[in-house]
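Before any comments, here is the structure.
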Amino acid sequence: MQPELQHEQWSSRLTFIFAAVGSAVGLGNIWKFPYMAGVSGGGAFVLVYFFCAALVALPIMMAELLIGRRGRLSPPRSMERLAADGAHSRHWKKVGWIGVLAAFLILSFYSVIGGWATAYVPKFVAGTFRGADAAAVGAEFDAMLADPVTLFIWHTIFMIATVWFVARGISGGIEKAVNFMMPSLFILLVALVIYAAVEGDFAKGAWFLFHFDFSKITPAVVLAAMGQAFFSASVGLGTMMTYGAYLPRSVHIPRAAGTIVVADAFVALLAGLAIFPIVFANGLDAGSGPGLVFVTLPLAFGAMPGGMLFGALFFILIVFAALTSSISLLEPVTSYAEERGGIPRRVLAVVIGIVIWALGLFTVFSFNLWADVHPLGMIERFREATFFDLIDYATSNIFLPLGGFFIAIFAAWILDRATSQGELDLDDRWYGVWRFIARYVSPVAVAAIFIYNLS
Ligand code: PHE
């Protein structure tokens, strides 16, 4: 093995929690969850999502944190080290590689959507949405997507911000960013739910989210909900493993993971409760896709007194939430490159950032110049899918579950009990519960959902 690099550690338990919640809470909660729930028919999707968060994402997050803290290195290296310690196959390292690849792909489109949110801040400041109706708000959004130059510019700005934080390292950049942003976002989101309850069609919105129509549970919906559970919790690609590598020994992993998963699901739910009442009060289409929040929120803010100010503020917080996630997507790759030695973190973050930025152009053009390019058009399921749709689908529905599957197998079947129980710090009974779920329930659920979808 190469000479060893000592990574920094989180300066406190709380900063770790903020950073990990910051990673989990992001566009996945505020942008993706509502639109996916809308496209997939509401309650059925939400129910399966909750099941997957509890029985798949949570145990795998614990596995990632424990592997990270024991390995103390980037995902491929931590896996390699732990495998070597137990005289297991070196191929386990490749699981880390699946994660690195997934992080590249996710960040490439994440930055573009983060750019959309950033672009909305000046729109609010300029008063664009004051008193606007649904048609006007929709037209504004469509016009933005149709313009590749606008998307290009905002994608670039968002990527520069991400690189800026990662280049500064853990304590200098990431910790500072998360400490005040997450609490503010939460408070504004609660305020927005109250607004939606008063002004929107709350009953219909809540019905849509919580009414479980079992006939709507199709294989595709189950797969989408599982993919969302992985994506939203930042699990399956080594983000949590990387954050775990910086984790002080004093942190209790199961409690931390529980906090992160619950906070993440709760924010998604709040976002849904803020958005669907507005959707139904305005006769909008719940299944309209990725533009959902970019149409409903401006509509709500446009109708309220002081709405332009609150709107600008809210979108600033979305941007921050997105940044704390995009940072966590760039960090695993950067930490891996850093371990190879010789090149300073700053340079690595910039170079990797540029590669991912270039990859992001596929997403930028998916909404305009290449809107009619369907690379897998010969396959029925992907007949209409753009590059963006395919990258989004492949990462959430294939890469993350696959990565998560192997991480669970490694932590619960391959690692020896002393290591995993020691890191998790659980008594025999609770350790047994975790191991049972991580051995049987999570991997089998992932495998079953995969197979069910192929048939
Ligand atoms: N969980 C983040 C979100 O919900 C996205 C993300 C996925 C971040 C995977 C890191 C790793 O926005």
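The values are calculated or read from the model by the stated rules, or taken from the named source; none is laboratory data. In this text the structure is predicted, and so the values were computed from the model without any measurement. Positions of Cβ are backbone-derived with ideal geometry, glycine not excepted, and every protein chain shown enters the neighbour counts.
Things to note:
- Some residue of segment 372-392 being at pLDDT 95 or above, within 16 Å of the ligand (Cβ to nearest atom) and not aliphatic (A, V, I, L, M): yes
- Neighbours by Cβ (under 9 Å, 6+ apart or cross-chain): first from segment 414-437, under 11 Å from ILE67 (Cα atoms); second of a type in the set (Val, Ile, Thr): LEU415/ILE67; SER420/ILE67; GLU423/ILE67; GLU423/ILE253; LEU424/ILE253
- Restricted to segment 392-455, the set of helices (runs of 4 or more DSSP H) holding at least 3 residues that are over 20 Å from the mean Cα position of the chain (by Cα) comprises 417-424, 428-436, 442-454.
- Annotation: of all residues in segment 327-348 being in contact (Cβ under 8 Å) with a residue 12 or more places away in the chain and more than 16 Å from the ligand (Cβ to nearest atom), the one that is farthest from the chain's Cα centre (by Cα) is GLY341.
- Scope segment 47-66; condition under 17 Å from VAL222 (Cα atoms) and surrounded by 24 or more Cβ atoms within 10 Å (Cβ to Cβ); matching residues: TYR49, CYS52, ALA53, VAL56, ALA57
- Filtered residues of segment 1-53 (kept if within 15 Å of the ligand (Cβ to nearest atom), touching a Gly at 6+ places or on another chain (Cβ under 8 Å) and of a type in the set (Gly, Ala, Ser)): ALA37
- One residue from VAL95, VAL48, VAL56, VAL100 being under 25 Å from LEU323 (Cα atoms) and not charged (D, E, K, R): VAL100
- Residue match in segment 240-258 (condition: more than 26 Å from ALA448 (Cα to Cα) and at pLDDT below 90): no
- Every residue from segment 349-366 that is surrounded by fewer than 22 Cβ atoms within 10 Å (Cβ to Cβ) and over 19 Å from the mean Cα position of the chain (by Cα): VAL350, VAL351, ILE352, ILE354, VAL355, ALA358, LEU361, PHE362, PHE365
- Selection from segment 5-46 of residues that are closer than 16 Å to SER184 by Cα, crowded, with 24+ Cβ neighbours inside 10 Å and not aliphatic (A, V, I, L, M): GLY22, SER23, GLY26, ASN29
- Applying a threshold of 8 Å to beta carbon distances and a minimum spacing of six or more residues, or different chains, the list of pairs starting in segment 237-260 at a residue that is farther than 15 Å from SER420 by Cα and outside any helix (DSSP H, G or I) and ending at one that is within 16 Å of the ligand (Cβ to nearest atom) and among the polar types (S, T, N, Q) reads GLY238/SER74.
- Taking residues in segment 352-378 that are part of a helix (DSSP H, G or I), and partners anywhere that are of a type in the set (Asp, Glu) and crowded, with 18+ Cβ neighbours inside 10 Å, the pairs with Cβ atoms closer than 8 Å and at least 6 places apart or on different chains are SER366/ASP389.
- In segment 280-299, the count of residues that are small (Gly, Ala, Ser), surrounded by 24 or more Cβ atoms within 10 Å (Cβ to Cβ) and in a helix (DSSP H, G or I) is zero.
- Within segment 216-238, the only residue that satisfies the criterion of being within 16 Å of the ligand (Cβ to nearest atom) and surrounded by fewer than 24 Cβ atoms within 10 Å (Cβ to Cβ) is ALA224.
- Matching residues, segment 206-235, being modelled with pLDDT of 95 or more, outside any helix (DSSP H, G or I) and either hydrophobic (A, V, I, L, M, F, W, C) or more than 13 Å from the chain's Cα centre (by Cα) (or both): VAL235
- Filter result for ASP213 (in contact (Cβ under 8 Å) with a residue 60 or more places away in the chain and either within 16 Å of the ligand (Cβ to nearest atom) or crowded, with 16+ Cβ neighbours inside 10 Å (or both)): no
- Residues in segment 326-347 that are part of a helix (DSSP H, G or I), among the hydrophobic types (A, V, I, L, M, F, W, C) and surrounded by fewer than 22 Cβ atoms within 10 Å (Cβ to Cβ): ALA337, VAL347.
Residues checked against (1) in contact (Cβ under 8 Å) with a residue 40 or more places away in the chain; (2) closer than 20 Å to MET308 by Cα; (3) part of a helix (DSSP H, G or I); (4) away from the ligand (no atom under 16 Å from the Cβ):
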site	(1), (2), (3), (4)
ILE113	yes, no, yes, no
ARG130	yes, yes, no, yes
THR150	no, no, yes, yes
VAL163	yes, no, yes, no
